[in-house]
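Quick note: the coordinates plus some simple rules give every number you see, no bench work behind them. Not measured: the values here are computed from a predicted model. When we count neighbours, we look across all protein chains shown, and the Cβ atoms used for this are built from the backbone with ideal geometry, even at glycine.
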Amino acid sequence: MEENQLIFFQELLPSAERTALLYHLSYLCLAKFPKLERVLRECAVETQNLFASSEALLQKCVDTSNQMVSTLFPRLKLAVENNENIQATSSLEKAREWIAEMVNRVEEMVGRYEKHNRSVSSCTSDVILEKTEAEKKIAQTTKEIEALEKVREQNIFHTHLSFFAALIFLSQSLEHDMQVRRKLANKKTERGSIPETVHLSDVQKYLYQIQQTLLKHNMFWKSVLVFLESLKSETFSNEHFIEENELKEIVLMHIDLAQENWKAFGESCLTAKRAFSLQNKDAYNFLEFNPSSLSPEEWKRQYDIVIADLTRINTAIGAH
């Protein structure tokens, strides 16, 4: 296998940890937005499951490669050397079965990544829509509050025009002022119930980064698929020569080459597996609490910790 084949970009190696931190930040920033919290929680759980499935499938690829290298190819070589055509054919059929299973599972993984990326994209759109609607409500309510406060100021001004005028209109003015104050209090309460959107732009940024990671992982699985098809072709390229004794050396040479490439494939999968492995098994425990229930102090404490961890990982990526 060429050295530049099946390269897993260095920046993806801590991607499981980094993605969990990005979800944690997003979750914190969506406090007071219960609908978005629920959608993000669903995306985070699916990403966690997808990474765990990826790790398991890569281990399956490693195990199958090891079986091919340590058991199947030696038996195949021995069968070819001893002109045991039935045994050789049987070994090749077993290889065909193992490879077909891997190809099917990798194809399924590609489909799962594509579907999940659409879900994360939809979540991002929901955040943008919620941000726009909340900002419109804030602007409208603020405008109404300013108008009511101006009416109150005018009422106060009129009650000071003259003592006698104030006596004549006192009853009407007091009643009107009470109505204005009630409306003003209601509007201020309404304004206070609208969550601040200051962090929603950050959530958009974090979700975009998660999408980019998912896209790169999907590209990786597509490359695995390409290499499996290549290895499959290489493994069976000379099976029709098995019964030709005079071509035995050519068949054995191709078996050795296929064996080397399967070994390299297994080693590459073992390296890539690190990208999907969570060092911190509690990385998604944040989903167990409601960010809206946190005190401002606890919210800030968690936010600062996650930002520090994310900065550390990004710095480590940049150092490579």
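Relative protection proxy for 115-122, 67-74, 260-267, from highest mean packing down: 260-267, 67-74, 115-122 (other beta-carbon atoms within 10 angstrom). Relative protection proxy for 205-212, 132-139, from highest mean packing down: 205-212, 132-139 (other beta-carbon atoms within 10 angstrom). With the simple model of a label 7 Å out from the Cα in the direction of the Cβ, E97 to N83 spans 2.8 nm. The simple spin-label model puts a point 7 Å past each Cα toward its Cβ; for R38 and K205 those points are separated by 2.9 nm.
Please compute the length gained on full extension between I138 and Q59, using 0.36 nm multiplied by the number of residues separating them and subtracting their Cα-Cα distance.
On the way: separation 79, 0.36 × 79 = 28.44 nm, distance 5.15 nm.
Answer, rounded to one decimal: 23.3 nm.
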